[in-house]
Amino acid sequence: MNNTAAKIVAVPDIAGPGQNVVLDDRALAISEMSERFDVTLRTLRFYEEKGLLNPVRKGARRFYGARDVSRMRVILQAKKIGLTLAEIRRVIKTGGKQCKSPGPVQGNPGNLQKSAGNPC
């Protein structure tokens, strides 16, 4: 019998507890969001440009709601574990949806390679 030790990797909760982040129904101005997450204004604008955040616009001002605060927590945690912006976008897009298991593989094992790229 093969005595291979299983490698167990602990993956942090990417939406884990935020640091001093209190969610309420009040929208945050870009300066408040910047202070709360210790990021620059440019960073917040960049994430908006890339479609990761979607603040409400009132004239030239941006206001971030609870959804954006939650997304920002996910973005920063995902960056800590080394995900790229494209990977973070996919995480946010799935929104925590569970993927269906494809069930047992039948037929040609070569077909497994084709479907492995899309886990959901």
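Here, each number is a calculation from the coordinates, and none is a lab measurement. The structure displayed is predicted, hence computed values, not measured ones.
How much length is gained on full extension from LEU85 to SER70, taking 0.36 nm per residue of separation minus their Cα-Cα distance? Let's see the in-between values first.
On the way: separation 15, 0.36 × 15 = 5.40 nm, distance 1.62 nm.
The LEU85-SER70 span can extend by a further 3.8 nm.
Would you mind calculating the gained length between ARG45 and ILE30 on full extension (0.36 nm times residue separation, minus the Cα-Cα distance), in nm to one decimal?
Working: separation 15, 0.36 × 15 = 5.40 nm, distance 0.89 nm.
Residue separation times 0.36 nm, minus the Cα-Cα distance, leaves 4.5 nm.
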